[in-house]
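First the structure, in the form of C-alpha cells, and then the observations on it.
Coordinate-derived values only; no laboratory data. All figures in this text were calculated on a predicted structure; none of them were measured in a lab. Ideal geometry is used to build each Cβ from the backbone, glycine not excepted, and the neighbour counts take in all protein chains shown.
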Amino acid sequence: MTERIVDTGRGISLAYEEIGDSGGVPLIVVAGLGQQLHSWPAEFCERLAERGYRVIRFDNRDVGASTHARFRPPRPLDLLRQRWHPDQYDLTDMATDTVGLLDALDIDGAHLVGVSMGGMIAQTVAATVPRRVRTLTSIMSTTGSRRIGRPALSTMRLMTAPPPKTREDAVDRAVTMFRHIGSHGFPFDEAGVRERAGLAWDRDPSSAGIGRQLGAIFSSGNRTRTLAAITAPTLVIHGDRDRMVHPTGGAATARAIPGARLETVTGLGHDLPEGAWPRLIDLIATHAETTRSTDVPTT
C-alpha cells in the first residue's frame, strides 16, 4: 500500500490507498464522520481484495491528508438553527469528490461501500450519478430524517465534549467513545482503537473538519426522496446495538431505496469489530458478486 494524493477538481485533493490487484473490480470504501482512510482496517480491506476486488480507501475532504477547508465549523446552535457559513459544503459536494476520485483513477464504475456518513455519501453518488455505481452497500447509516436513526442521548453527550488538546487525550477519548458506541456483542479491541486513534492524530490533529463534515450532514437535510432514485442493487447493513445511528435509520434506508435488502447483524454497534469481519466481508463481497459482469449501469 502506498498513500497517494490526487486532484479531484474544484480545489479538492484526496489522499487514497489501493489494496489488491490493480486489475481487480474496483470497490470503494467510504469512511464515516471524522474518520480517516485507515478506519477501514488494512486486513479487512485485504480480505475483500482476496475476493477479487481492487479496494480503494481514502480520506474524505477535511480529514487526514485530504484538502481542509478554512472556515469556522458550525457550532451546536448553528446546527439546530440551520445557520451555515457561505462556504459550507454538503453531502452532494462530498459525493462529487468521490466521483472525482473515480475520474482521476480512470474508473468508469465501482462498487461503493460506505459506513455511517460514508454510507450517506455513497447513497448520494448512487442517486445522482447512477451509471458510476455497480452496487451500493450502506452500513450503519441513515436517510437524514430527524425522526429516525437518532443517536442515544448518552452518545450525544460524548460527542459534544470539548475537542482533545493532546495525542494522549485523543487516544483516551477514542477508547471511551468506542467502548460506548462499539459492538457490545463482540470483543472490544482496545489496542486496535488506540493504534488507529494515535495514527489519526499523527496524520491530522485538527478537529475543525469534523464540525464542518457534521455541517454537511445537517445541511443536506432529509434525503429520503432522493434515495428513491437509486437504481443500483443495494444492501443495507445495520447492527441491533448501534448507539450512534439507531437501527431505525438502517430500516428507513432500506425502505427508501427501491429493491434494497436489509441485513441486521446481531451484536453489532457503530464500529467494525474483528469478530464481525467474516460476516461483514461475506455480505459485502457476495452482494457485489451479484453483478459479476463488468458492465456499468447506463441509467
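Remarks
- At least 15 Å along the helix axis (C-alpha) and Kyte average at least -0.5, DSSP helices within the chain: 91-104, 117-128, 167-181, 208-220, 277-288
- Overall form of region 170-289: oblate. Here a/c, set by the Cα gyration tensor axes a ≥ b ≥ c, is 1.5 or more, and a/b is not larger than b/c.
- Cα shape, region 112-226, gyration tensor, a/c 1.5 rule: prolate
- Here r is the Cβ-Cβ distance between D21 and R131 and R0 is 25 Å; the resulting FRET efficiency, rounded to 0.05, is 0.55.
- Dipole magnitude of the chain, debye to nearest 20 (Cβ charges: Lys/Arg +1, Asp/Glu -1, about Cα centre): 1360 debye
- Mean Cβ count within 10 Å, highest first, over the residues of peptides 265-276, 53-64: 53-64, 265-276
- Part-to-part distance (alpha-carbon centres) for region 123-149 and region 1-75, which is given in Å: 18 Å
- Candidates P73, L27, F44 compared by Cα position along the dipole of region 1-80: farthest toward the positive end lies P73, with charges placed on Cβ.
- What you get for region 119-236, charging only the Cβ of Lys and Arg (+1) and of Asp and Glu (-1), is a dipole of about 680 debye around the Cα centre.
- DSSP beta bridges in the chain [antiparallel fraction, %, rounded to 5]: 30 percent
- L153/N222 FRET efficiency (R0 22 Å; Cβ-Cβ; nearest 0.05): 0.55
- Here Cα Rg over 2.2 N^0.38 Å was calculated from the structure, and among (i) 1.15; (ii) 1.04; (iii) 0.91 it sits at label (iii).
- Amide hydrogen neighbours beyond the local backbone of V30, cut-off 5 Å, H modeled: V113, G114, V115
- Distance between the 7 Å Cα→Cβ label points at R255 and M1: 3.8 nm.
- The value of relative contact order for the chain, using C-alpha pairs under 8 Å at least six residues apart, is 22 percent.
- A full extension of the chain between A208 and R179 corresponds to an added length of 8.1 nm, given 0.36 nm per residue minus the alpha carbon distance.
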